[in-house]
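Since the structure comes first, as structure tokens, the remarks are kept for the end.
Each reported figure results from applying straightforward, stated rules to the coordinates on display, with no laboratory input. Predicted model only: the values in this text are computed from it and were never measured. Here Cβ is always computed from backbone atoms with ideal geometry, including for glycine, and neighbour counts include all displayed protein chains.
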Amino acid sequence: MGNDCGTGVAFTRDPSTGENVFFGEYLVNAQGEDVVAGIRTPEPIAKLENEMPVVYKQLVDVYLKLEKHYKDIQDIEFTIEKGVLYMLQTRSGKRTAKAAVKIAYDMFKEGLIDKETAVLRVEPAQVDQLLHPMIDTSIAYDIIAKGLPASPGAAVGKAVFTAEDAEDAAEKGESVILVRAETSPEDIGGMNAAKGILTATGGMTSHAAVVARGMGKCCVAGCGALRIDEKGKTFTVGELTIAEGEILTINGSTGEVIKGAASLIEPELSGEFAEILTWADEFRTLGVRANADTPGDSKIARDFGAEGIGLCRTEHMFFEGDRIDAVREMILADNEDGRRRALTKIKPYQKEDFLGLFEAMEGLPVTIRLLDPPLHEFIPHTDEDTQKVADASGLPFAQLKAKAAELHEFNPMLGHRGCRLGITYPEVYEMQVYAIVEAACELKKAGKDVKPEIMIPLIGHVKELSELEEMTREVAAEVMEDYGVQVDYLVGTMIELPRAALTADEVANNAEFFSFGTNDLTQTTLGLSRDDSGKFLPQYVEKVIYKEDPFVSIDETGVGQLVEMGVQKGRSTRPNLKTGICGEHGGDPDSIAFCQKAGLDYVSCSPFRVPVARLAAAHAAIKAK
């Protein structure tokens, strides 16, 4: 209707940075649709002060009034007709994670909101944006496939197809994306060297996903569109072929696989965020620990505010350097004496690992899980890999091949693993307990405060636990007598089988703590393989059979019921029973709210999710009030 008319959209603060500045755009002689549809290029809101000073002053008065009334950043729409200002709408404005932190912090300091409200204003799910690189979505990129968003963040690098190639490239200073059908513990070195990990199979709690989250690396898992030719070092998606050395970008927050190098935004951890986390700690009642296997991971976790280690997976230590040779020697031994000889070589390595963990976590509890995976995971599976091991170790190819066949199981997840290994090969668990308690005694003698918690995995029957608990106590007593010191330690178990939850009152006779391993408890309760179900679970979520992937957010009705039952029955026998969760659900905000309701003492998650868990636990406690 002329140059004394106009329309615009504005925010009471900058929704990208959180800065306390009036932020927006307008057009003269136009309708609102013209601003939002991008038909014309609008002007910055500050220019309106020159064009229509009276209207601009009114608009500033109104936005300040609205923000003060609603006590939050407002997204406003307005129109100007013949020099008269009309407000069309106001609503709380969407904001980036960085802006959410700054706005919450500033509004508390301005006296506009209280500390509790400030904590609630920062969404735990947004926090990943502050901890990992993200793709700059304002610049176009070429998505070629989509998998599961298994570990957040984004990475750019050359495609490589073996762990060895990843390590070689990293040594030369090259950035790589490790592309595998699925990773195994043997790939740890390559996973550590890569900027990101992409797998064709596996779910949100597959080996690749769990290890990547622990390392703080981005991972896209279960990308079923990929056809990988490991020998030819290529993969295809439809008609497109990506060869070794070609640049890829993966987005672990969305599951996107991108051809070429997308533009990344590096994370920034502000002082305001650190302060908001300390406010969160004032409100939360759940403890927050980390799943960490190395002193390096432990330091990261502690820096992020972890209150101990809730899960140290000892099997990851077996793949470092030369120790895998001794592990394979132990597996290939034909009798107990042969196994014990090999274990004698492994024990110094394990003790060294535990010394590092206890020192990094001095004064805080460290829960160490005894060996859990089946032995076949430590033996190579392909002829090519078997030959490499034979050449490196001097062991006969035929012997290695025969042992791999002997250890093969149709369903290893339900096979000879966890406490079942401890029952049949007690010398393995004995070695680990010796290493744990010796490390603890050495540090105690040196005046350090150590709090070991020894965890026995995959208990189904209380007699499994009672036998292994007795062995643990005998070894611990012997070591402490030798060192002449007393170390306070706990013996507990992982609850990851329904039978353990159902008989938790019996199990608590021998367990001083329960740690719910909800990755396996979800598998064994729902009858879903976490590695294979990625092929069809997205359709289940789409059809709302499950509201969310049950490996990402806990199935409260089924698995959750077993957790609640386990806590109640366990405490009916042992009222002071310590209970926690160490499955991947320990870093999921919705699952953390459930843990609060279920009465758990702590959650444990990967080091890079500790800030998420601290904030989510505060939200859960505040909302529970």
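Tabulated results
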item	result
Helix 559-573 axis, angle to the chain major axis (alpha carbon atoms, nearest 10°)	60 degrees
Centre separation in Å (Cα based) which lies between the range 136-165 and the range 481-496	43 Å
Using distinct alpha-carbon pairs, which all enter the 1/r mean, Kirkwood radius of the range 136-265 in Å	13.9 Å
Cα centroid of the range 28-102 to Cα centroid of the range 394-468, whole Å	64 Å
Per-selection Rg to Rh, the chain - Cα, Kirkwood hydrodynamic radius	1.04
Spatial separation of Cα centroids for the range 555-624 and the range 235-294, in angstrom	24 Å
In Hz, Karplus ³J(HN,Hα) per residue of the range 431-448 (6.51, -1.76, 1.60; θ = phi - 60°; x = Gly, Pro)	4, 5, 5, 4, 4, 5, 6, 4, 4, 5, 5, 4, 6, 4, 4, 7, x, 8
In degrees, nearest ten, helix 271-283 long axis to first principal axis of the chain (Cα)	70 degrees
Antiparallel DSSP beta bridges within the chain, as percent of all bridges there, nearest 5	55 percent
Listed residue (L66, G93, V35) projecting farthest to the positive dipole end of the range 6-94, Cβ model	L66
Coarse-grained scattering of the range 6-94 at q = 0.18, 0.22, 0.23 Å⁻¹, given as base-10 log I(q)/I(0) from a Debye sum over alpha-carbon atoms	-0.73, -1.10, -1.20
Solution diffusion estimate, µm²/s, Stokes-Einstein, the range 223-352, Kirkwood Rh from C-alpha pairs, 25 °C, viscosity 0.890 mPa s	123 µm²/s
Mean Cβ count within 10 Å, highest first, over the residues of peptides 47-60, 17-30, 206-219	206-219, 17-30, 47-60
Out-of-range pairs (alpha-carbon distance over 22 Å; input K597/K623; K65/K109; K98/K547)	K98/K547
Local net charge near A511, Cβ-Cβ under 12 Å (Lys/Arg +1, Asp/Glu -1)	-2
Amide H within-cut-off set for I113, under 5 Å, with H built and near neighbours excluded	F108
Residue pairs, from the table K115/K451; K102/K158; K345/K403, whose Cα atoms sit over 26 Å apart	K115/K451; K102/K158
Residue-averaged [θ]222 nm for the chain, counting only DSSP H segments that reach four residues, each worth -39500 (n - 2.57)	-12500 deg cm²/dmol
Packing-based ranking, highest mean first, of 568-577, 116-125 given that Cβ atoms within 10 Å are counted	116-125, 568-577
Alpha carbon convex hull of the range 503-563, projected area averaged over orientations, nm²	4.6 nm²
Folded to 0 to 90 degrees: helix 323-332 orientation relative to the chain principal axis, Cα	50 degrees
The range 279-338, relative contact order in percent, only Cα pairs under 8 angstrom and at least six apart counted	28 percent
For the range 136-265, share of DSSP beta bridges that run antiparallel, in % to the nearest 5	70 percent
Burial ranking of peptide ranges 450-456, 375-381, 334-340 (average Cβ count within 10 Å, highest at the top)	450-456, 375-381, 334-340
